[in-house]
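The values are calculated or read from the model by the stated rules, or taken from the named source; none is laboratory data. Remember, predicted model here, so these are calculated numbers, not experimental data. When we count neighbours, we look across all protein chains shown, and the Cβ atoms used for this are built from the backbone with ideal geometry, even at glycine.
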Amino acid sequence: MKLGDKIFRSWYYLQLGWQLYFAIIFAFINFITVMYAFVIDDYQFLQIIFPNYFTFALIFSVSVFILCTCVGYRIFHSRERRAQIDINFEINPYAIRRTVNSEMILKTYVIMSNLLVLKNQQKESVDEKKIEEYMEELNSIKDIMKKRTMQNKLELKYIKTETQEEVTKNK
């Protein structure tokens, strides 16, 4: 790996570690300290409720933890989160490629296992219609694999079509 790549990777890892862990902790401690110094110390009635910094920090931390957890839960289970996932798929073709590949592999395995079951049941009449359906599905998977590129957004269309089918089936 080139030195430039190592530097950029290190910079990315630094940003990630700072954003996920330290920035939140330092900002929280800073906020509690500033609030106590500028608000609690200046008002006598608040000093009765929060006699020292530790009491204020404890009550505030527990309250904020509960409030932020509830807000985070609501956001995670909302339309905004689904929109965020859609945007991430649109800007990251590798994530959608992985999802589509997994879906296609699973479908292919199911089709192959159904064909093997049909083949093993040759004593009974073979349902040619089912075999045709399976072959059409396999051909559609092959067609998508031939036509798709990282730029043409065919996989995004495939995912949206598949999820729409699931939504209409479940209704």
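Annotations for the structure displayed:
- Failed criterion for Leu116 (all others in (1) in the same structural domain as Glu162 (by TED's automatic domain parsing); (2) within 20 Å of Tyr158 (Cβ to Cβ) hold): (2)
- Failed condition for Leu67, given (1) hydrophobic (A, V, I, L, M, F, W, C); (2) within 15 Å of the chain's Cα centre (by Cα); (3) at pLDDT 85 or above: (2)
- Among residues of the stretch 146-163 being in a helix (DSSP H, G or I) and surrounded by fewer than 12 Cβ atoms within 10 Å (Cβ to Cβ), the one that is modelled with the lowest pLDDT is Thr163.
- Of all residues in the stretch 129-144 being out of contact with any helix residue (DSSP H, G or I) (no Cβ under 7 Å at 6 or more places or on another chain) and of a type in the set (Lys, Arg), the one that is surrounded by the fewest Cβ atoms within 10 Å (Cβ to Cβ): Lys129
- Only a single item in (1) surrounded by 12 or more Cβ atoms within 10 Å (Cβ to Cβ); (2) modelled with pLDDT under 80; (3) polar (S, T, N, Q) is not met by Gln121, and it is number (1).
- Within the stretch 1-21, the only residue that satisfies the criterion of being basic (Lys, Arg), exposed (fewer than 11 other Cβ atoms within 10 Å of the Cβ) and either at pLDDT 90 or above or assigned to a helix (DSSP H, G or I) (or both) is Lys6.
- Test for Ile24: is it assigned by TED's automatic domain parsing to the domain that holds Phe65, modelled with pLDDT under 90 and over 31 Å from the mean Cα position of the chain (by Cα): no
- Selection of first residues in the stretch 93-118 that are without any contact (Cβ under 8 Å) to a residue 24 or more places away in the chain and over 14 Å from Lys142 (Cα atoms) and of second residues that are charged (D, E, K, R) and outside any helix (DSSP H, G or I), restricted to Cβ pairs under 8 Å at least 6 apart or on distinct chains, gives the following pairs, ordered by first then second residue: Leu118/Asp127.
- Count - residues of the stretch 23-61 that are part of a helix (DSSP H, G or I) and surrounded by fewer than 11 Cβ atoms within 10 Å (Cβ to Cβ): 9
- Residue in the stretch 76-92 that is over 27 Å from the mean Cα position of the chain (by Cα) and assigned to a loop (DSSP other than H, G, I, E, B) present: no
- Being closer than 22 Å to Glu162 by Cβ, of a type in the set (Ser, Thr, Tyr) and touching a residue at least 12 places away in the same chain (Cβ under 8 Å) is a condition met by no residue of the stretch 56-78.
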